[in-house]
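No value in this document is a laboratory result; all are computed from the given coordinates. Remember, predicted model here, so these are calculated numbers, not experimental data. Note that each Cβ is placed from the backbone with ideal geometry, even for glycine, and that neighbours are counted across all protein chains shown.
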Amino acid sequence: MNNRRVRVRFAPSPTGPLHIGGVRTALYNYLFARQRGGDFILRIEDTDTRRFVPGAEEYILEAFRWLNIRFDEGAGFGGKYGPYRQSERKDTYAIYVEQLLDAGLAYYAFDTPEELEAGRKATPNFQYDASTRARMRNSLTLPAEETRRLLDEGANYVVRFRIEPGEEITVNDLIRGEVMINSSVLDDKVLFKSADRLPTYHLANIVDDHLMEITHVIRGEEWLPSAPLHVLLYRAFGWEATMPQFAHLPLLLKPEGNGKLSKRDGDRLGFPVFPLEWRDVQTGELSSGYRESGYLPEAVVNFLALLGWNPGNGMEILSVEEMTRLFDLTHCSKNGAKFDYEKAKWFNHQYVRRKSDKEIAGLFIPVLEGHGIQAGAGYVEKVAGLVKERVDFVGELWEESSFFFSAPAEYDSKTVKKRWKEDSAARLAELSETLDACTAFDAQVTEEVVKLWIENKGYHPGDIMNALRLALVGRSKGPHIFDITETLGKEETIRRIRRAIEALK
Ligand code: GLU
């Protein structure tokens, strides 16, 4: 067991857009596989045809492409353990269902929905198990010929797993330690349905984990209650020796910490719970995504990585390489992780400011084009360098920097009232001459020249600077004033000063 090659899988059911918690599960599997030099597999668990949603699989693939979380093998990637879509593995499952039936570890149940309903009515807390199965219509209670006849006639049936009561089952979980449960609380789970000739999740999941030689099952806490049943299934097949190690990740909780994070929390508090935007074809409803909300994929990955795990050294900004090196499944928290949306923004801010000016310019140019601005890449890069620290999102760059691309069409009235003094026009006229005389126009030179001029004249520096900023920006915001003059250049700076004098006099 210990010298097997590490193989982990992410096994989503294509029932809608992938929830952000699912993305975290995939990420932890990815980090774990990379760290161990193992394989990371994408398996599509689409045996529940009633819940199948067209487009969901494509969505999943696109989300991971965007996040740069790469699979080694699986649906859409190929590999020698395929097919990786469970709906394409019907024949395989049929063999294993047969095996359990032959061994007497599973049985046919012919109960109609009405009969099941009657069972529920007759017994409080009815469950189909050792205490009730003797009263139901199945191959354990019917004579063998009758069972044969029903099968030959093509009657509807399900195959149920025969669970014997009164046994302590231990699940060894890498995060939670030993979890014990008594088999008496489990019901005889349906493993297969004749109606669509498809297995249920439980059977398909176990058979595939075995055949695909999965070594570790890392998944959300919501699957912990299924784990004892899975242990019994491994045993029924005689696969205990290669049973994967379980690790059930902590839940993602609402920002307030009470209960599981849901789509409604996102709607209520205004943040996405999906990696990409998703439109529900039935209702037409659009759910927001991290990508469309302006997040950088690296920031989303970093944010998610720390929801349930941390490197233990206080580091918060981690590259995928660092996460891969430091990740430790056994140090994942058992308690739910609060979904702190403000923190997501903080991460994005950190990643925006760490990106090179050139990269930011590359992201910003399409935004500018959307505003009808065509600007040289070098110029955009320079602007990006001046304002990237001031935003959380690339989309906010326009708000912070539009004045670099078009002169203020109007001047903020509050600022005018406060900053444009009686003598401002005269002072700025003088200043424009001083600037015009500058032979070099970089920030350092202009700053020195202007400060010297102010000093010689005995003017109030604040008054001059505020008026200048108003003239160049149109309001009282923006980066260092001499960085602005340098970027705009001499001609444009002087033109804007003259325009302001005209407009505000
Ligand atoms: N198909 C299950 C899901 O949708 C997989 C659970 C597991 O990883 O075993 O999450």
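General observations
- Placing +1 on the Cβ of every Lys and Arg and -1 on the Cβ of every Asp and Glu, with nothing else charged, gives the chain a dipole about its Cα centre of roughly 660 debye.
- With both labels modelled 7 Å from their Cα along Cα-to-Cβ, the F126 to A375 distance reads 7.1 nm.
- Gyration tensor (alpha-carbon) shape descriptor, region 1-116, a/c threshold 1.5: oblate
- Amide H to amide H, with H built 1.01 Å from N, L198 comes under 5 Å of K193, counting only residues 5 or more places away or on other chains.
- In the chain, a dipole from Cβ-located charges (positive for Lys and Arg, negative for Asp and Glu) runs towards its positive end, and of F237, Q35, P250 it is P250 whose Cα lies farthest in that direction.
- Of all lysines in the structure, the ones whose alpha carbon falls short of 22 Å from that of K121, not counting any fewer than 8 places away in one chain, are K189.
- In this rough spin-label picture, where each label sits 7 Å from Cα along the Cβ direction, the H331-N172 distance is 2.3 nm.
- Highest-first arrangement of 386-393, 185-192, where packing means the average Cβ count within 10 Å: 185-192, 386-393
- Across region 360-371, coupling constants 3J(HN,Hα) worked out from phi with the 6.51/-1.76/1.60 Karplus curve, θ = phi - 60°, read 4, 4, x, 7, 7, 4, x, 5, 4, 4, x, 9 Hz, and Gly and Pro carry x.
- Part-to-part distance (alpha-carbon centres) for region 71-97 and region 134-204, which is given in Å: 23
- Computed magnitude of the charge dipole of region 286-379 (debye, nearest 20; Cβ of K, R +1, Cβ of D, E -1): 160
- Between D173 and E178, V179, the built amide H atoms are under 5 Å apart, and every one of these is 5 or more places off in sequence or on another chain.
- Chain lengthening between R36 and L452 when straightened (0.36 nm per residue, less Cα-Cα): 143.4 nm
- Global geometry of region 72-115, whether rounded, prolate or oblate, following the gyration tensor of its Cα atoms and the 1.5 cut on a/c: oblate
- Reachable lysines from K263, criterion Cα separation under 26 angstrom, eight or more residues apart if same chain: K254, K334, K338, K343, K345
- Loop GluC sites (Glu not before Pro), region 260-307, which have at most 11 other Cβ atoms in a 10 Å radius of their Cβ (DSSP): E285
- In summary, the lysines within cross-link reach of K80, defined as a Cα separation below 29 angstrom excluding same-chain residues under 8 places away, comprise K90, K193.
- Under 5 Å from the amide H of E73 lie the amide H atoms of F40, L42, each residue being 5 or more positions distant or on a separate chain, with H modelled from the backbone and absent for Pro and chain starts.
- Length added when fully stretched, T15-L151, from 0.36 nm per residue minus Cα-Cα: 45.8 nm
- As a proxy for reagent exposure, ranking I44, I169, I95 by other Cβ atoms within 10 Å from fewest up yields I95, I169, I44.
- Among R43, R499, R268, the ranking by other beta carbons within 10 Å of each residue's beta carbon, starting with the fewest, stands as R268, R499, R43.
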